[in-house]
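Report on the structure given below.
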Amino acid sequence: MNIILMGPPGAGKGTQAELIKAAYPIPHISTGDMFRAAVGQGTELGKEAKKYMDSGKLVPDEVTIGIVEERLAQPDCATGFLLDGFPRTTGQAQALDKVLEKQNKKIEAAISISVPDEIIIERMSGRVSCKECKAVYNIKFNPSIKAGICDKCGGELFQRSDDNIETVSNRLAVYKEQTNPLLSYYQKQNVLHEVNGNRDASEVFKDIKKLLERF
Ligand code: ADP
Ligand code: ADP
Ligand code: ZN
């Protein structure tokens with residue numbers, strides 16, 4: 001099962017990825033999580049990525065493609081993977097196809113979660129994530145039982161520094177300009193599925209599950 005989760009920032013990719021992971025044993029590959037881990041560790045990759053992330057720009061393709069290629073070569077990806085937040089440019093999509101072709105694989109479903117801009121802005125202002133297990137919550141729509149503490153692991157919840165209104169607006173503009181064209185890229189490959197993300201997360205997941213049952 002080789003799957004891509006697409007959608008603007010705040011569409012619910014991470015939230016749906018958690019639900020998919022719990023139902024299907026495939027690795028969840030989030031380029032955003034990988035970059036944040038590198039920033040946290042202070043590696044060269046992290047220092048490079050931070051320059052772009054802080055302003056809501058995309059990390060350059062050559063850097064991003066490199067880390068994904070390395071990740072997909074790990075043995076746990078042999079029977080499938082769930083890509084979250086990659087590809088985000090046509091260059092990334094083409095590079096991904098090339099990598100997969102070498103391994104005799106292809107993308108089986110590109111699931112695009114759509115949500116109106118005003119809902120995204122509202123969701124982003126309330127997003128908090130667990131420092132330990134990366135679980136995502138929302139102080140308004142999906143609060144943890146105990147404020148500031150992760151229900152799943154007891155870890156501390158924090159707000160991402162790039163979830164401020166200015167950076168979110170930049171990320172939305174970048175999405176429209178650079179990532180939206182990918183919808184027709186996957187449409188042409190006959191693997192695109194659009195899902196209405198402006199509903200309860202469990203309703204969205206029901207639709208995704210129906211799609212995935214085919215594989
Ligand atoms: P969101 O979940 O809000 O869409 P992510 O966690 O996926 O955000 O990404 C956070 C930031 O990491 C992006 O704004 C961008 O700077 C960088 N990033 C993540 N994935 C990619 C990618 N595929 N290509 C380039 N930059 C990326
Ligand atoms: P993405 O990975 O696409 O950036 P997230 O999964 O991190 O999106 O979700 C963004 C914010 O919106 C989080 O605070 C999350 O709890 C909340 N959220 C996710 N899905 C829904 C939904 N269906 N309804 C309401 N809030 C949601
Ligand atoms: Zn946690």
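Work out, step by step, the length gained on full extension between S114 and N196: first 0.36 nm times the residue separation, then minus their alpha carbon distance; give nm to one decimal.
Roughly 29.0 nm would be gained on extension.
Which aspartates and glutamates have a Cα lying under 16 Å from the Cα of K140, excluding residues fewer than 8 positions away in the same chain?
Excluding near neighbours in sequence, the set is E118, E122, D151, D163, D200.
Among the listed pairs K47/K98; K51/K146; K98/K188; K50/K105; K13/K134; K21/K50, which are separated by more than 24 Å between their Cα atoms?
Over 24 Å apart, Cα to Cα: K47/K98; K51/K146; K50/K105; K21/K50.
Tell me, what is the per residue accessible area of region 99-204 in Å², probe radius 1.4 Å?
Counting only protein heavy atoms, the per-residue value for region 99-204 is 58 Å².
What are the residues whose amide H is under 5 Å from the amide H of S144, where those residues sit 5 or more places off or on another chain and H is modelled from the backbone?
The list, which skips near neighbours in sequence, is N138.
Need one word for region 1-151: rounded, prolate or oblate. Basis is the Cα gyration tensor (sqrt eigenvalues a ≥ b ≥ c); a/c below 1.5 gives rounded, then a/b vs b/c decides.
Working: a/c = 1.60, a/b = 1.37, b/c = 1.17.
Because a/c hits 1.5 or more and a/b exceeds b/c, region 1-151 counts as prolate.
Can you give the helix-only mean residue ellipticity at 222 nm for the chain, where every DSSP H stretch with n ≥ 4 adds -39500 (n - 2.57) and the sum goes over all residues, rounded to the nearest 500 deg cm²/dmol? Each step should come with its number before you reach the end.
On the way: 9 runs with 96 residues, N = 215.
One gets -13500 deg cm²/dmol as the mean residue ellipticity at 222 nm.
Which whole-number percent of Cα pairs in region 129-180 have a distance greater than 16 Å?
51
Which of these, G126, G85, G40, has the largest mean-square fluctuation under a Gaussian network model of the chain (Cα springs below 10 Å)?
So, out of G126, G85, G40, the one fluctuating most is G40.
Residues with amide H under 5 Å of E194's amide H, sequence separation 5 or more or different chain, H placed in the peptide plane at 1.01 Å from N; which?
For E194, whose amide H was placed from the backbone, the distant partners under 5 Å are S112.
Whenever you get a sec, compute what percent of the accessible area on the chain sits on carbon and sulfur atoms (1.4 Å probe).
52
At a threshold of 8 angstrom on Cα-Cα distance, excluding pairs fewer than six apart, so keeping six or more, what relative contact order does the chain reach in percent?
30
Any number yet on Rg/Rh for region 27-74, C-alpha, Kirkwood?
Dividing the radius of gyration by the Kirkwood radius yields 0.95.
Could you tell me the relative contact order of region 11-90? Use alpha-carbon pairs under 8 Å, at least six residues apart, and round to a whole percent.
The value is 45 percent.
Taking the alpha-carbon centroid of each part, what is the distance from region 33-96 to region 118-151 in angstrom?
Spelled out, the Cα-based centre of one part sits 23 Å from the other.
The values are calculated or read from the model by the stated rules, or taken from the named source; none is laboratory data. Keep in mind the model is a prediction, meaning the values are calculated, not measured. Accessible surface areas use protein heavy atoms only, side chains included; no ligands, DNA or RNA. Shrake-Rupley method; radii C 1.70, N 1.55, O 1.52, S 1.80 Å.
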